Amino acid sequence: MQNYSAESYGNAIAAVFDIVNDDPQEVAGIVGFLRGYVGDGPVLEPGIGTGRIGIPLAESGVELYGVDISKEMVDQLRAKPGADKVTVEVGDMNDVDFGRQFSLVYLAQGTFGSLLRADAQRRFLQSARKQLAPGGRLVVESMEVDDTRFTHDQYVTTSLLDVTHVVLSAAMREPDEQVLSIQNVLLTPHGIQLYPVKFRYYTAVELDEMADEAGLRLLERYSDWEKADYTPGDLRHISVYGTN
């Protein structure tokens, strides 16, 4: 997707993001997980989006800061009850600096992969290391690529199917750059809507290597927010890092 920019995903999906991700039980589980690593605060969420996680976490008594590249996503956050409990800025997660040290920095869903170059991902980890207070934690949720889905580095699949709508996902990957581009196409009787996303994928081993270079040490890894055991090769993992 040549015309894809850092803001493309958020700008396209902002209005429906909370509808697509409407799972109060999942949010409660994520907030409960993160509460175990909050420490004395404050807490930073790069890629905070609509505040789906950040606002409930802030409402639990956490001093929370967030940054997102998409103004449309941040506008959705600011319109919600509880938004006044979050300090949020629009900008690149690698550029915004609140001048604070944090006891917890966390990235949910595929936020880390939205940094489309390896050097940008390394830069973020180095910045996160500097912003962590002594004893602080970095939590990263990752989704790896399922190689079995691809034929000639591409696939088309049905993501959702109902009487009134269908979502088709067309994907192409660039193995040399480890970049995956997906165009999600929503077809309804009212027309067609497009929700593009692009991210740099990586393995757990590669993530650990980049974190180690930044002075971060893997402390724990789970396959989900409920702390299910992680098995090497799992496509989803929640990694908890601390300073070396």
Among the strands (runs of 3 or more DSSP E) contained in the stretch 52-171, which hold 1 or more residues that are more than 19 Å from the chain's Cα centre (by Cα) and closer than 25 Å to Asn11 by Cα?
-> 154-161
Which condition breaks for Leu194 when tested against (1) touching a residue at least 40 places away in the same chain (Cβ under 8 Å); (2) within 21 Å of Ile19 (Cβ to Cβ); (3) under 17 Å from the mean Cα position of the chain (by Cα)?
-> (3)
Subset tally (residues that are surrounded by fewer than 15 Cβ atoms within 10 Å (Cβ to Cβ) and either free of Cβ contacts under 8 Å to residues at least 12 places away in the same chain or not charged (D, E, K, R) (or both)) for the stretch 54-77 | 2
List the pairs whose first member sits in the stretch 148-162 and is within 13 Å of Pro175 (Cα to Cα), whose second member is open to solvent by less than 100 Å² (accessible area, probe 1.4 Å), and whose Cβ atoms are under 6 Å apart, counting only residues at least 6 apart or on separate chains?
-> Asp153/Arg173
Only residues in the stretch 224-244 that are over 15 Å from Tyr202 (Cβ atoms) and at pLDDT 95 or above count as the first member; pair them with residues that are assigned to a loop (DSSP other than H, G, I, E, B) and not hydrophobic (A, V, I, L, M, F, W, C), Cβ under 6 angstrom, at least 6 apart or cross-chain, and list the lot.
-> Tyr230/Ser223
Using the structure shown, decide if Leu180 is within 16 Å of Tyr9 (Cβ to Cβ) and modelled with pLDDT of 95 or more.
-> yes
When restricted to Arg137, Arg129, Arg117, the only residue of a type in the set (Lys, Arg), on the phi < 0 side of the Ramachandran plot and either at pLDDT below 95 or buried (at least 22 other Cβ atoms within 10 Å of the Cβ) (or both) is Arg137
Could you look through the stretch 1-41, keep only residues that are hydroxyl-bearing (Ser, Thr, Tyr) and in contact with a strand residue (DSSP E or B) (Cβ under 7 Å, 6 or more places away or on another chain), and pick out the one that is farthest from Ser60 (Cα to Cα)?
-> Tyr4
Which of the residues spanning the stretch 1-45 are at pLDDT 95 or above, surrounded by 17 or more Cβ atoms within 10 Å (Cβ to Cβ) and part of a helix (DSSP H, G or I)?
-> Val27, Ile30, Val31, Phe33, Leu34
Across the stretch 17-53, the tally of residues that are β-branched (Val, Ile, Thr), touching a residue at least 60 places away in the same chain (Cβ under 8 Å) and under 17 Å from Lys71 (Cβ atoms) stands at 0
Members of the stretch 172-191 that are acidic (Asp, Glu) and within 20 Å of the chain's Cα centre (by Cα) = Glu177
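The values are calculated or read from the model by the stated rules, or taken from the named source; none is laboratory data. Treat the numbers as computed from the prediction; the structure is a model and nothing was measured. Ideal geometry is used to build each Cβ from the backbone, glycine not excepted, and the neighbour counts take in all protein chains shown. These accessible areas exclude ligands, DNA and RNA; they are computed on the full protein's heavy atoms, side chains included. Shrake-Rupley method; radii C 1.70, N 1.55, O 1.52, S 1.80 Å.
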